[in-house]
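K.L.:
This structure is in structure tokens; I'll ask about it shortly.
The values are calculated or read from the model by the stated rules, or taken from the named source; none is laboratory data. Remember, predicted model here, so these are calculated numbers, not experimental data. So basically every Cβ, Gly included, is an ideal-geometry build from the backbone, and we count neighbours across all protein chains shown. Ligands, DNA and RNA are excluded from the accessible area calculation, which covers all protein heavy atoms including side chains. Shrake-Rupley method; radii C 1.70, N 1.55, O 1.52, S 1.80 Å.
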Amino acid sequence: MQRGAVQTTGASSDDTIPPFSFPAVHAKKVTAAFDGGRLTSNGGVMLLAMAERRLGLANNLARVFPDRRDPTRVVHSLVDMFRARMFAICCGYEDADDLDHLRSDPAFKLACGRLPDTGRDLCSQPTLSRLENAPRLRDVIRLTYTLVDAWMDSYPREPASVTLDIDDTCDVVHGHQQLSLFNAHYDERCFLPIHVYDTEKSRPVAVVLRPGKTPGGVEVRAHLRRLVRHIRTRWHNTQITFRGDGHYARPEAMAWCETNGIDYIFGLSGTKPLARKVDEVADDIRTRRAIENLPVLRGYTETRHKAKSWDRERRTVARIEATMLGLDIRFVVTSLDVGSAEWIYDSLYCARGQAENLIKLHKTQLASDRTSCRSALANQVRLVLHTAAYWLMLTVRDAIPKARELAAAEFATLRLRLLKIAARVVETTSRIRLAFAAACPEADLICGLPGALLPLGP
């Protein structure tokens, strides 16, 4: 059975799928057949089309993507292929072979700028697979930086400061793909792609495929250096702060940040020499909790610490929590010399927890862990396309009035309420009409979104 929509001619039945029935209701027989005409279950894809045109993502990606095809034999432009793939991901069709069915969906064709009935069908899975495997290393790098540019374009002017959360996540592989390694912590053969987010704005900055092992100091430094170098081509004065867990508290990375005027705050693994420096404060907190018979008592302190692999002392903040079960101490290291220890840990460092939610949106709700190509370059192209789909969903959500419940909804909820809605697509000589269900629960919101998604500028 086809997904998304059924290709039919007018209101005639599809002879390949026979009529069928459901249990009777009030003694009346219930029959069904796929003869409803040009219907789609993805009526909200037109909102994604407006979001894409507002951002210009497909055109920007196509501009840096090499098209080495014979121009005389090209049927599907790069822009159309990017749009079809991004729209499909947003609507929950994460596999390229879903386009074998969706290529004739009237709403998808309309969203890609083609007439729903008389226009040519969209590209199929083999065409998309060739697209993913076409670029070379330099091409893939340019594609990745295009999305960094999209993030910078989202600011009307150069900001005074930005805080970027960097983290890696487990991406279980489906075979022996390039860069896949066995990771004992996850007990899986996987990739560990790095995600970078502007968490305050919920915006993705970069997603980079990498081997399934914890990044070393030289690698972390290289990722930070390349990203900052690209940002500095446009933002010369923005103060950049990187925030991450203990994987990124590498001496090479911290030294590079300090040399180049970049701030950082990273989690830090506790060691015996470091724990001894906060023993006095820890004993005081533990004693006060016991005397006052409190279930939990939390305190903060800071010290200067120099690990064996470090070339200098650095400011280290400790969060000390005493409970009836014992003592728990967490450390962070930072280049910042302002703010109390409590502010550094609770307000600044713990805010990186929101980045975990953004990774969930990217990885589980947009299926960016569908990196099943053999080639590492093709899998990076997939990450780029899934990140572009993230931008479309985020743009639609940002257009929703803040008073509405969906203004803070997750992408899966937006897909269910705004994208996966039924519509009849009718093409006549002079117009195209979308007839949505009269019982659509978000009808009033959908009516207002096209105006909110109009392109910016003149």
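K.L.:
Can you give me the number of residues within the stretch 239-270 that are part of a loop (DSSP other than H, G, I, E, B) and crowded, with 16+ Cβ neighbours inside 10 Å?
P.N.:
Just the residues of the stretch 239-270 that are part of a loop (DSSP other than H, G, I, E, B), to begin with: 245, 249-250, 260-262, 269-270.
Remaining after also requiring crowded, with 16+ Cβ neighbours inside 10 Å: 245, 249-250, 262.
Here the count works out to 4.
K.L.:
Among the residues of the stretch 284-295, what is the count of those that are open to solvent by less than 70 Å² (accessible area, probe 1.4 Å) and either in a helix (DSSP H, G or I) or modelled with pLDDT of 95 or more (or both)?
P.N.:
Filtering the stretch 284-295 down to residues open to solvent by less than 70 Å² (accessible area, probe 1.4 Å) leaves 285, 289-290, 294.
Now narrow it down to the ones that are either in a helix (DSSP H, G or I) or modelled with pLDDT of 95 or more (or both): 285, 289-290.
Residues meeting the conditions: 3.
K.L.:
Considering only residues that are out of contact with any Pro (no Cβ under 8 Å at 6 or more places or on another chain), over 30 Å from Arg234 (Cβ atoms) and outside any strand (DSSP E or B), which ones fall in the stretch 154-198?
P.N.:
Scanning the stretch 154-198 gives Cys170, Val173, His174, Gly175, His176, Gln177, Gln178, Ala184, His185, Tyr186, Asp187.
K.L.:
It is to be established whether one or more residues within the stretch 170-184 are open to solvent by less than 30 Å² (accessible area, probe 1.4 Å), within 26 Å of Ala222 (Cα to Cα) and of a type in the set (Asp, Glu).
P.N.:
Yes, some residue in the stretch 170-184 is open to solvent by less than 30 Å² (accessible area, probe 1.4 Å), within 26 Å of Ala222 (Cα to Cα) and of a type in the set (Asp, Glu).
K.L.:
Which of the following residues is open to solvent by less than 10 Å² (accessible area, probe 1.4 Å), under 20 Å from Ala376 (Cα atoms) and not acidic (Asp, Glu): Leu122, Leu61, Leu99, Leu48? If you could, list the steps in order and put the result at the bottom.
P.N.:
On the way: Leu122 fails: under 20 Å from Ala376 (Cα atoms); Leu99 fails: under 20 Å from Ala376 (Cα atoms); Leu48 fails: under 20 Å from Ala376 (Cα atoms).
Exactly one residue qualifies, and that residue is Leu61.
Listed here are the residues, each with its yes/no results for (1) at negative phi; (2) touching a residue at least 12 places away in the same chain (Cβ under 8 Å); (3) assigned to a helix (DSSP H, G or I); (4) not hydroxyl-bearing (Ser, Thr, Tyr).
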| residue | (1), (2), (3), (4) |
| --- | --- |
| Tyr349 | yes, yes, yes, no |
| Leu358 | yes, yes, yes, yes |
| Ala367 | no, yes, no, yes |
| Cys373 | yes, yes, no, yes |
| Leu383 | yes, yes, yes, yes |
| His386 | yes, yes, yes, yes |
| Arg397 | yes, yes, yes, yes |
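K.L.:
Please go through the stretch 399-415 and give me each residue that is in a helix (DSSP H, G or I) and of a type in the set (A, V, I, L, M), ordered by number.
P.N.:
Across the stretch 399-415, the qualifying residues are Leu406, Ala407, Ala408, Ala412, Leu414.
K.L.:
May I ask you to verify whether Ala389 is open to solvent by less than 10 Å² (accessible area, probe 1.4 Å) and in contact with a Cys (Cβ under 7 Å, 6 or more places away or on another chain)? Steps first, please.
P.N.:
Details: open to solvent by less than 10 Å² (accessible area, probe 1.4 Å): yes; in contact with a Cys (Cβ under 7 Å, 6 or more places away or on another chain): yes.
Considered against the rule, which asks whether it is open to solvent by less than 10 Å² (accessible area, probe 1.4 Å) and in contact with a Cys (Cβ under 7 Å, 6 or more places away or on another chain), Ala389 comes out as yes.
K.L.:
Just wondering, is there one or more residues in the stretch 426-448 that are surrounded by 15 or more Cβ atoms within 10 Å (Cβ to Cβ), at pLDDT below 90 and either assigned to a helix (DSSP H, G or I) or among the charged types (D, E, K, R) (or both)?
P.N.:
Yes, the stretch 426-448 contains a residue that is surrounded by 15 or more Cβ atoms within 10 Å (Cβ to Cβ), at pLDDT below 90 and either assigned to a helix (DSSP H, G or I) or among the charged types (D, E, K, R) (or both).
K.L.:
For the list (1) under 26 Å from the mean Cα position of the chain (by Cα); (2) under 23 Å from Arg415 (Cβ atoms); (3) among the small types (Gly, Ala, Ser), I need the number of the one condition that Gly36 fails.
P.N.:
Just one mismatch for Gly36, condition (1).
K.L.:
Among (1) exposed (fewer than 15 other Cβ atoms within 10 Å of the Cβ); (2) over 36 Å from the mean Cα position of the chain (by Cα); (3) more than 26 Å from Gly216 (Cα to Cα), which single condition is Ser340 missing?
P.N.:
(2)
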